[in-house]
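Accompanying notes for the structure given below.
Bear in mind that the values in this text are calculations on the coordinates, not laboratory data. Only a predicted model underlies this, so the values are computations on that prediction, with no experimental measurement involved. Methodologically, a virtual Cβ is constructed for each residue, glycine included, from the backbone with ideal geometry; neighbour enumeration extends over all protein chains shown.
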Amino acid sequence: MSRLIVVSNRVPMLKPGAQAAGGLAVALSGAMQERGGVWFGWSGRTIPDDAAQPEHPKTVESGGLTYALVDLKQRDLEEYYGGFSNRMLWPLFHYRMDLADFTRVALGGYYRVNKLFARMLAPMVQPSDLVWVHDYHLIPMAAELRAAGLKNRIGFYLHIPFPPPDILTVLPNHADIVRGLAAHDVIGFQTPLDVENFETYVRREKVGRRLSAGRFVVHGRAIRVEALPVGIETKAFAETAAASGRNSLVRRMRESMLGRKLIIGVDRLDYSKGIAERIQAFETFLTLDDSWRGRCTFLQVTPKSREEVPEYAAMERAVAELAGRVNGAHAELDWTPIRYVNRTVGRNALAGLYRMASVGLVTPLRDGMNLVAKEFVAAQDPEDPGVLLLSRFAGAAAEMDGALLTNPYDVDGTAGAIARALDMPLDERVDRWKRMFARISEHDVAWWRRSYLEALEGDAETSPTADRLKAVS
Ligand code: GDG
């Protein structure tokens, strides 16, 4: 079995025997433990701009895996991560042209760091290794690795949406970005819509064509393009949630609810998640339906993220002000409608909070997948499940057919859906939940990883050789 080399911006370091924080870390480290492997990426540390850039990553052996970690210069990090990745690609790929900020300086930093990573990684890769690159920070990786002489199978997975061509072409270097994607052998997207957007781009920009389901020629290379929705560790998360009654935070929370219904939202503080629109919808719900005043509480758990990017700092203030205003306008002496928590809650407690909630509000304006939607479903009590209210613009909407789908831009509509969710009879809740739980049990994170790696290991038909290309084009 080939060794697996995973490349991602951040590398979750697992101490031997420790539990990984996220499903992705679990899934990928599981695969690497099976095959042996290397996880390569940024160390999370910076060095001064005038320091010499080390020529090799620091390697750490832990739990049977090798972690290869690169310290980045402050300026490189700012341009590559805070600049092009998170002020250009992230907003644009989430359909936010208004927030996209393109500078050639940031673009230069993006390519510089990708080159640096490739230069450091290339000598560590053996000819039979599979290389799996993750997410928008590293789109040029395969091209850089190939320029360094690698002939390996290299795959890419995009965790965020792939936008339609009218939006993508706002990016001045969209042609290079797509050329970079096409240097991989397999491109994995979250949903069929992302594949469709990719196909439309390739056709309109005349850079290639679709041959058959999942098979494309782009910039003269035969590649595979698949929609493989990322999953969670469904079984383990359901078990954690079922055992969460023992968690002291969950117990304290339950006592403080005084029998009121809980509505929950959990999101990194990010403008793509629609948190402000959700708070407005909750306020509208309170004004529409007097009967729920004092009988429900909306808990929004929102750890800070990317605080170095200006749009995030502005949003942090705006959301806190909005939650404060709604509470000021509607609270009673013995009831606060919104509990807004601006920090991380432990994973076990989070599972218990999902399970306690009657409604999960997952209403991003745009989201690649949204794992919170799947975690909420996994955590429910099968005998008395809560209702998932899900944005039609989350990738998860393509799979979660038991959710109440909502348009987060339609504040009144979302308010009405909250009322419907709270009033939903038990048999309908059970029926909807069963369908979703079956889906996420079958298509869990292990399924995702296996399916992707099968595609990447490929077969003669998908091997990107020039001869094969002549045969298909
Ligand atoms: C990107 C794409 C795609 C959040 N708050 C706490 C906490 N979390 C955990 C959640 C969940 C994760 O963070 C967030 O995952 P999402 O999928 O919702 O969103 P992104 O971070 O934007 O992820 C997304 C994903 O990649 C995977 O492909 O689904 O579309 O944008 O697991 O539970 N965890 C804990 N405390 C918190 O307070 N413990």
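Using a Förster radius of 30 Å, what is the FRET efficiency between residue 3 and residue 115 based on their Cβ-Cβ separation? Nearest 0.05, please. Don't jump to the answer; show the numbers that get you there.
Values: r = 23 Å, r/R0 = 0.78.
Efficiency at R0 = 30 Å is approximately 0.80.
Modelled this way, with points 7 Å down the Cα-to-C-beta line, the labels at residue 430 and residue 126 are 5.4 nm from one another. Database remark: amide H of residue 133 closer than 5 angstrom to the amide H of 7, 155, 156, 157 (H placed geometrically; neighbours at sequence offset of 5 or more, or on other chains; Pro and chain starts carry no H). In order along the range 288-298, phi translates into HN-Hα couplings of 5, 10, 4, 5, 8, 4, x, 10, 9, 10, 9 Hz, rounded to whole numbers, per the Karplus curve 6.51 cos²θ - 1.76 cosθ + 1.60 with θ = phi - 60° and x for Gly and Pro. What the phi angles of the range 159-172 give under the Karplus curve with 6.51, -1.76 and 1.60, with θ = phi - 60°, is a coupling list of 7, 9, x, 9, x, x, x, 4, 8, 4, 6, 5, 6, x Hz, glycine and proline written as x.
How would you classify the range 349-463 from its alpha-carbon gyration tensor, with a ≥ b ≥ c the square roots of the eigenvalues: rounded for a/c under 1.5, else prolate if a/b is greater than b/c, otherwise oblate? Numbers along the way, then the final one.
Working: a/c = 2.55, a/b = 1.71, b/c = 1.49.
Prolate is the answer for the range 349-463, as a/c is 1.5 or above and a/b outweighs b/c.
Return the calculated 222 nm mean residue ellipticity for the chain, to the nearest 500 deg cm²/dmol, obtained by summing -39500 (n - 2.57) across DSSP H runs with n ≥ 4 and dividing by the residue count. Numbers along the way, then the final one.
Numbers: 18 runs with 194 residues, N = 473.
Theoretical 222 nm ellipticity from helices: -12500 deg cm²/dmol.
When the Kirkwood hydrodynamic radius is evaluated over all pairs of different C-alpha atoms of the range 234-442, what value in angstrom, to one decimal, is obtained? Walk me through the numbers on the way to the answer.
Numbers: mean 1/r = 0.0587 Å⁻¹.
Evaluated on the range 234-442, it is 17.0 Å.
The calculated FRET efficiency for residue 268 paired with residue 457, based on their beta-carbon distance and R0 = 35 Å, is about 0.60. Our summary gives the range 33-107 a relative contact order of 28 percent, counting only alpha carbon pairs under 8 angstrom and 6 or more residues apart. Considering only alpha-carbon pairs that sit under 8 angstrom and 6 or more positions apart, the relative contact order computed for the chain is 14 percent.
So if each residue of separation counts as 0.36 nm, and I subtract the Cα-Cα distance between residue 47 and residue 236, what length gain in nm does that give?
Values: separation 189, 0.36 × 189 = 68.04 nm, distance 3.87 nm.
This chain segment gains 64.2 nm when fully extended.
Please give the Cα centre distance for the range 197-260 versus the range 307-321, rounded to the nearest Å. Comparing the Cα centres of the range 197-260 and the range 307-321, I get a distance of 26 Å. Computed from the Cβ-Cβ distance with R0 of 25 Å, the FRET efficiency linking residue 260 to residue 401 stands at 0.25.
Our coupling estimate for the range 201-212, obtained by passing each phi through the Karplus curve with A = 6.51, B = -1.76, C = 1.60 and θ = phi - 60°, is 4, 4, 6, 5, 8, 6, 10, x, 7, 8, 8, 6 Hz, Gly and Pro reported as x. Taking every alpha-carbon pair under 8 Å whose residues sit at least 6 apart, the range 234-442 reaches a relative contact order of 26 percent. Quick check: net charge around residue 183, other residues with Cβ under 15 Å of its Cβ, Lys/Arg +1 and Asp/Glu -1? With Lys, Arg at +1 and Asp, Glu at -1, the neighbours total +4.
Summing +1 for each Lys or Arg and -1 for each Asp or Glu among the other residues whose beta-carbon sits under 10 angstrom from that of residue 330 gives 0. Here the label points at residue 75 and residue 98, each 7 Å from Cα along the C-beta direction, are separated by 3.5 nm in the simple model. Taking amide hydrogens as placed 1.01 Å from N in the peptide plane, the amide H of residue 387 sits under 5 Å from those of 359, 360, each at least 5 positions away in sequence or on another chain.
Lys and Arg at +1, Asp and Glu at -1: add these up for the other residues within a Cβ distance under 11 Å of residue 364 and post the number. Display every interim value, and only then the final one.
Numbers: positive: 268, 273, 278, 366, 392; negative: 267, 270, 277, 367.
Around residue 364, the charge tally is +1.
First check a/c for the range 285-351, with a ≥ b ≥ c the square roots of the eigenvalues of its C-alpha gyration tensor; if it is under 1.5, answer rounded, and if not, answer prolate when a/b is larger than b/c or oblate otherwise. Could you put the intermediate results ahead of the total?
On the way: a/c = 2.90, a/b = 1.54, b/c = 1.89.
Oblate is the answer for the range 285-351, as a/c is 1.5 or above yet b/c matches or exceeds a/b.
Once both labels are positioned 7 Å from their Cα atoms along Cα-to-Cβ, the gap between residue 251 and residue 209 label points is 6.8 nm. Report the residues of the range 80-103 in range of a label on residue 392: point 7 Å along Cα→C-beta, backbone N strictly under 20 Å from it. Only 94-96 fall inside the zone, counting backbone N under 20 Å.
With the Cα gyration tensor of the chain giving a ≥ b ≥ c as the square roots of its eigenvalues, does the rule (a/c under 1.5 for rounded; else a/b larger than b/c for prolate; else oblate) give rounded, prolate or oblate? Display every interim value, and only then the final one.
Numbers: a/c = 1.70, a/b = 1.67, b/c = 1.02.
Prolate, because a/c is 1.5 or more and a/b exceeds b/c.
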